[in-house]
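Here, each number is a calculation from the coordinates, and none is a lab measurement. Fair warning: this is a prediction, and the values are worked out from it, not measured in the lab.
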Ligand code: GDP
């Protein structure tokens, strides 16, 4: 199970955001077997507007979205790498995650104490990154020491030939040396991963290094700024000089954007407070509230955009099954072949796989119905080497 950890300094809005994620899932997915595995782990639906379209085409009223796991990781403070706060326990939670959402406070509110006394997004991010880098450095040094010890496979095997474990050790050592340089220069490992070979990257992944994990920055803004922040972030990706002057509340979001740009990481504007209020409101009032804030399309901003960004960062994609009983989204890692995709639904489907009758979401919508898609030759019979594509609608044929 792939997990995304939510990190950030205390009082930046992590728990508010996490709770809103879980509540929203409960509210929107009546057919979804919601569960909170542990108090700090939530299963969150992945919003997908294609599901409703498909349910009309397929004639089913039951919609089952796909989901992601989020972990609320509290307790990171300055000094965590030395064991302060929840220290090591906190770090081991992050180690198990596959991606990180770093929540950064970009709202002003005198009632909410800031741990450093003032709101300064760039410094906040650096405080967290420093702790994570220190923890990584300690781990890397320990590994390197072990690799250099007598008794490592290089010493124990005879001279001359290279065994595969020696090769693996060499790869790991060169990866660790590269990474040490980055960390010594004060750079998170994720920024230098592109210099590593595929094998080196794999070796690093096995170690669970914290700053090697992909990060999505969530700029937590006041509700009144959410629309403008989202719009400006989208523009900033394409062109320079989109940020207003320093007095604007958007200046805080700009700091996050500029930090994230150093590592080509996504930034999503969210308003934890707005989201937590929304889940409490009846639908009509919700719409009025959003309208008053200039938000007309909640589907693509805030929390929902954050979940989608996590989904993409984890390298996942969605295929659909669609019939009279149920319309359902399924998650697979990008690059998964048809039989293994079938196996996500049921292991029998994978074992007895014959073919995958496949039509793209776009083609199916164009055709209007599965029958008409078949008549137009838009439904392909794909075999066991087919790589399932984002948005495929699939009917699996299998032997029992
Ligand atoms: P955590 O320590 O990062 O988990 O932070 P919490 O989610 O517990 O939030 C800390 C405090 O900040 C709480 O009192 C929240 O109500 C408040 N808070 C969270 N998000 C926002 C926000 O977007 N705007 C404002 N004004 N307050 C917020």
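For segment 228-270, a Kirkwood hydrodynamic radius built from all Cα pairs, placed in the Stokes-Einstein relation at 20 °C and 1.002 mPa s, yields a translational diffusion coefficient of 206 µm²/s.
With N as its number of residues, segment 335-398 has a Cα radius of gyration that, divided by 2.2 N^0.38 Å, comes to 1.09. Largest first, the extents of the alpha carbon coordinates of segment 261-358 on the three principal axes equal 54, 44, 20 Å. Taking the DSSP beta bridges with both ends in the chain, the antiparallel portion is around 55 percent.
The mean sequence distance of close C-alpha pairs (under 8 Å, at least 6 residues apart), as a share of the length of the chain, puts its relative contact order at 19 percent. Taking only the alpha carbons of segment 196-254, we obtain Rg and Dmax values of 17.2, 47 Å in that order.
Kirkwood radius, the chain, all distinct C-alpha pairs, inverse of mean reciprocal distance: 23.4 Å.
Give me D for segment 179-335 in µm² s⁻¹, whole number, from Stokes-Einstein with Rh from the Kirkwood sum over alpha-carbon pairs, 25 °C and 0.890 mPa s. Before the final figure, lay out the partial values.
Numbers: Rh = 18.3 Å.
Using the Kirkwood radius from Cα pairs, D works out to 134 µm²/s.
When only alpha carbons are used to place a centre, segment 193-260 and segment 116-135 end up 14 Å from one another.
Relative contact order for segment 107-259: 28 percent, from Cα pairs under 8 Å spaced at least 6 residues apart, divided by residue count. With the convex hull drawn around the C-alpha atoms of segment 253-308, the volume per residue stands at 90 Å³.
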